[in-house]
1. Of all residues in region A:50-84 being small (Gly, Ala, Ser) and part of a strand (DSSP E or B), which is farthest from A:Phe184 (Cα to Cα)?
2. Which condition does B:Glu52 not pass, out of (1) within 7 Å of chain A (Cβ to nearest Cβ); (2) in a helix (DSSP H, G or I), if it passes all the others?
3. Name the one entry in B:Ser102, B:Ser97, B:Ser10, B:Ser38 that is part of a loop (DSSP other than H, G, I, E, B) and either touching a residue at least 60 places away in the same chain (Cβ under 8 Å) or out of contact with any helix residue (DSSP H, G or I) (no Cβ under 8 Å at 6 or more places or on another chain) (or both).
4. Give the residues of region A:144-172 that are buried (at least 16 other Cβ atoms within 10 Å of the Cβ) and assigned to a helix (DSSP H, G or I), sorted by residue number.
5. Can you find a residue in region B:133-146 that is in contact (Cβ under 8 Å) with a residue 24 or more places away in the chain, part of a helix (DSSP H, G or I) and of a type outside the set (S, T, N, Q)?
6. With the requirement that a residue be surrounded by 14 or more Cβ atoms within 10 Å (Cβ to Cβ) and within 11 Å of B:Val220 (Cα to Cα), what does region B:21-49 give you?
7. Report yes if some residue within region B:120-139 is within 14 Å of chain A (Cβ to nearest Cβ) and either over 30 Å from A:Asn188 (Cβ atoms) or under 22 Å from the mean Cα position of the chain (by Cα) (or both); otherwise report no.
8. Is at least one residue of region A:95-108 more than 22 Å from A:Arg187 (Cα to Cα) and at pLDDT 95 or above?
Amino acid sequence: MDIFLKENEHRDCFMPDGGGGCNVYLGRNSSLRFFTFNLGGKSLKNELNVVFKGKGARAELYGLYLPQDGQVIENETLLRHQAPSCESFQRYYGILPMGGKAVFNGKILIERKAQKTKAYLESKNILLSPDAQMLGRPFLEIFADDVQCTHGFSSSQIEEDEIFYLRSRGHNLESAKRILLLSFAQRNIDKVADEETKNILCERISRFLSEKLEAKN
Amino acid sequence: MLTIKNLQVSTEGKEILKGVDLEIKAGQTHAIMGQNGSGKTTLAKIIAGQQEGFLVQGRISFLGKNLLQMEPEERAKAGIFMAFQSPIEIPGLALASFLTSSLNEISKSRGERPLDPMDFSDLAKEEAAFLGLKQEFLARGVNEGFSGGERKKNEIFQMRVLRPLLSILDEIDSGLDVDSLKKVAQAINESRTRENSFLIITHYQRILNYIKPDFVHVMVGGRIARSGGAELALEIEEKGYGHLS
């Protein structure tokens, strides 16, 4: 799938449910929001390439993956900054229950002429079980000298002090975990403009989490 | 209301509390003072129900129940509230919905009907305004982008809405400027009744200029080294903790 954004155009796009490849070309001052949300189902791979062709373009990429037992969800992004003063923002969040596996490889390439580029890349993952597996890392290739680039990758369990805070406010252990995970996912869901889509996503994730947390107890 | 007998707590083989006895009756305000590492925060956490990583011996009873057998949420429902020294941030969970769900959990266990959303909204707005917390904070993630002082106010805000019987306030005064401290103290004073009690944990006497405790205890090395009236706090302010250890 190829998508072209013209000068000053804004578009919200979703990666197709079954995964696949998508190339987006950004014209001058255009802005893109791209959502890659995967919840259970079959193993799949999403490949997303964004090319910053025109000056001042901006892209925000939000990913959310909740693989189920035996499923592998792979995300690969390649952001090619070819024009100056562009901004890219990537936030990929994962919740990995027992037997779930995910891969995230985010590559940012900043070419020599892409001065004043700002690039941000974050992948944060919460593992619900010792046998859940998260692999991946950011790759940066920078040929321009006047750029701001930040990246972070983390995998951890739900923090005990966060659970305790919620329990001290009257929530039981399971509900505390569910609230924390849902609010984590909500940060990316909240970026979706359409209210109905947002509500459907929240409901599906809430159901998925309830099942996984119940299965564990 | 709360009776602690010979409470001993250790973590990773290190003794933190070495036999604490404390009795708090309904309507009383107690202050615990002490230096860093004296065990004050551990005591607060143990009463509120943190179990992870702690080995606990001794007895704590709350309204006749064996507190150490209860889960943290059961303690909250029984009327215990802890204001945290460093409250966590939960982006993505709006403060208003967090507090509504907490209040509903607690009201349900008290056999009360859940608050109507409109009534909740009025109550929350009123309490937020009283503490000088901006209305927009209710729609924001819990403590997301809050300053240190705002986080402390948010703890007292939650206490005001949840109306606990025993409030444990762990260093509620740290990081507050004078105006905020006065506001927070005023909110605490206005919450004091003959039925509810407070345990104020602090380093400094400063907050006790605004909240007059019935009893002051000084913790040194995991034990209560001295207990007395409000005047004990002034003595500590003057002479320091050194002469007690």
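The values are calculated or read from the model by the stated rules, or taken from the named source; none is laboratory data. Please read these numbers as outputs of a predicted model, since none were measured by experiment. Neighbour counts are summed over all protein chains in view; Cβ atoms, including those assigned to glycine, are modelled from backbone coordinates with ideal geometry.
1. This residue is A:Ala59.
2. (2)
3. B:Ser38
4. A:Glu162, A:Ile163, A:Phe164, A:Tyr165, A:Leu166, A:Arg167
5. Yes; the residues of region B:133-146 include at least one that is in contact (Cβ under 8 Å) with a residue 24 or more places away in the chain, part of a helix (DSSP H, G or I) and of a type outside the set (S, T, N, Q).
6. Across region B:21-49, the qualifying residues are B:Ile32, B:Met33, B:Gly34, B:Gln35, B:Ser38, B:Gly39, B:Lys40.
7. no
8. yes
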